[in-house]
1. Which one, L181, N101, S245, is farthest towards the positive end of the dipole of the chain when Lys and Arg carry +1 and Asp and Glu -1 on their Cβ?
2. What percent do you get for the relative contact order of the chain when only Cα pairs under 8 Å and 6+ apart count?
3. List the residues whose amide H sits under 5 Å from the amide H of M639, counting only those 5 or more places along or on another chain, with H placed 1.01 Å from N in the peptide plane.
4. Nothing charged except the Cβ atoms of Lys and Arg (+1) and of Asp and Glu (-1): what's the magnitude of the dipole of region 256-339 about its Cα centre? Round to the nearest 20 debye.
5. HN-Hα J couplings of region 291-306 from phi, Karplus 6.51/-1.76/1.60, θ = phi - 60°, integer Hz, Gly and Pro as x?
6. Measuring from label point to label point, each 7 Å out along Cα→Cβ, what is the Y401 to L231 span in nm?
7. Name all residues of region 374-393 having a backbone nitrogen under 15 Å from the label point set 7 Å from the Cα of A408 along its Cα→Cβ direction, giving them as ranges.
8. What FRET efficiency do you get for D134 and D311 if R0 is 22 Å and r is their Cβ-Cβ distance, rounded to the nearest 0.05?
Amino acid sequence: MRTDPISSTAGSATTIEPGEPYPLGATSIEGGTNFAVFSDHAERIELCLYSEDGATEVARYDLPECTDGSWHGFIPGVGAGTTYGYRVHGPWAPEAGHRFNPAKLLIDPYARELVGPLTWDDALFGYTVGPDPDADLTRDDRDSSRFIPKGRIDGTLQRRRPPRRVAWSQSIVYEAHVRGLTMRHPLIAEDIRGTFAALGAPPMVEYLKRLGITTLELLPVQAFLQDRHLLERGLSNYWGYNTLSFFAPEPRYLGPGGRDEIVGAVERLATAGIEVILDVVYNHTCEGNHLGPTLSWRGFDNTAYYRLMPDQPRYYDDLTGTGNSLDTNHPRVLQMVMDSLRLWASEYGIGGFRFDLATTLGRRPDGFDPGHPFFHAILQDPLLGRLKLIAEPWDVGPGGYQLGNFPAGFSEWNGDYRDVVRDFWSGRDGTMPDFARRFAASSDLFADNRRRPWSSVNFVTAHDGFTLADVVSYNEKHNEANGEDGRDGHDDNRSWNCGAEGETDDAGIIALRNQQKRNYLATLMLSQGVPMLLAGDECGNSQGGNNNAYCQDNEIGWIDWHDADPDLIAFVRKLIDFRQSRSAINRSEFLTGSRDDRGRPDVTWYSAGGQRMSEEEWQNSHVKCLSVRLSPKDVREPMVLVMLNGAHNGVEFTVPGSDTRWHLVITTVDREAHGENRASGETVTLAGRSLVVWEQLA
């Protein structure tokens, strides 16, 4: 039952009752609201109620009960719209890992909405900020309530349909940013750009549908912190990988319709056949290391929420490069993650999740464990276990690269695919064996434990790194706008500028870059596994050589729709349509060379000369040409023949097989260079760095 927000006088006239320990968070029920928060080591917890705008404290209560670490109370007459925060009393003993400080107002870890901005002030820190290396040992008693967002008790979302689900074998993932995708779109009203309302606007939905996208993967949309050091440099946290709340959406992405705008966008996309999945950051929080601010989890129970150094619990076990790591070995932390995932799936209709730095989530004290309770909890869950689950299979800790080692039920971002494909098309020697394995869904990494080809999420670009236009235009990163003197971003980009660094008027270089973009896109869509396309790559979007636009919430980071390449968009649309209609490409089983009912092997690899690839040719580091014939799962469909020339010069290919005629379907160069039809034994010359797709004629 929804009740009115508490008035400015209600606190003094209302008593708090014991309430219930579960669910955690602030839950509006008949006649009032139940409050429950977790802390193993707190000695007392105060609930502070505020005016609706979060500016004025109107009441304060001690939570009267603690059950198994859940502190709880029920307040009659308090309803949706009320804003609140907590003050937690306990030991101040940083050298033992305890950093309780009741002077710091804390955000409920389960808050579903946040009200007000975070205003940076030294009062947000639990210790006295200063140059002393031991400053964090001295407690700071200034009140932080004026500078921190408050939680708001939420009302009921207007959800109407279950999550959209797309079969893995039919999935085309499109990685995008809510603001970056919509801020410069000319057909979207200016007053809603950068919000979920823009994401669900008809021009955006229709564009994604026509392109052939089935799965929209959004960069973090859970509320995140604007880092102090970025704001001081006139920049901002654009990507959002610094979570402030796992349950509340980022306020900047909401318009007047509030959280219902998320529901509306997800439903409109689902109606168009597109599911929405989220990039989620449960490996760390925005509170940083021992010198970071006290905003939420640190103040509730530092030793429970975070991984601390066993011999020096004053410090954090930083496996993420952000200063801290959440401890999913603790049952209450695991519970928090599970409750957060269920909320986004059940209330917003989210169809899956990509887990940032997922190796951290599966770490026990002695290292990564694919049998970690985190994975089991998700896979056994009747709701979450049916959704798309994608792991980013690395972190910065010891043994952090775990590609191929996640349990069945999880797919993984395949960074090896990106590197090998870039190496192949940039002309690097010795890539052929690895290229063939990655093209065929990386069975060497994923075939064990009954995993499937869709365990490999293939990509050649992602938000972290060059865009596709920049992969073919820059040899070096150009991150000057980030203000970090070139220390940020990857140095090993495996890119090739085609003869000039950055923008050029040279017609030959421009033509080669356009050809290379098509080579990358065609390879991605023709490979077994699941293709992931970076938003904007299909229209030629550039970031001017910036390969780390995490702080560029501006025209560097936003997609430039005004300069979109319509021919490239049409080419991508054709590739996706071809992939979706050919079972030879989107197979649900790994390629093994086994034969179908007609005696045709599911895959055959040929040299440019039209003969089966020999072991000597596979191992020859100078071989950069290959043909691959793919048989369809559905015997009524034609076979597909893909010819790839990764060499810089033109190469004469012999069409393999016997008594087979082929029709030209796709080429990354001029169609007239190849002719429309070819028969087995005939030759065709492929231009340097080009790709051709043929389809068997009946």
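1. Going by the Cα projections, it comes out as L181.
2. Working: 1659 pairs, mean separation 68.5, N = 698.
Relative contact order comes out at 10 percent.
3. Close amide H contacts, sequence-distant or interchain: Q696.
4. Taking the Cα centre of region 256-339 as origin, the dipole is about 180 debye.
5. 9, x, x, 9, 10, 7, 4, 4, x, 7, 5, 4, 6, 8, 7, 10
6. My value for the distance between the label points is 3.8 nm.
7. Residues passing the 15 Å test: 376, 379-380.
8. On the way: r = 18 Å, r/R0 = 0.81.
It comes out at approximately 0.80.
The values are calculated or read from the model by the stated rules, or taken from the named source; none is laboratory data. Nothing here was measured: the structure is a model prediction, and the numbers come from that model. Using ideal geometry, Cβ is built from the backbone for each residue, glycine included, and neighbour counts are taken over all protein chains shown. Each accessible area value is taken on the protein alone, full model and side chains, heavy atoms only, with ligands, DNA and RNA left out. Shrake-Rupley method; radii C 1.70, N 1.55, O 1.52, S 1.80 Å.
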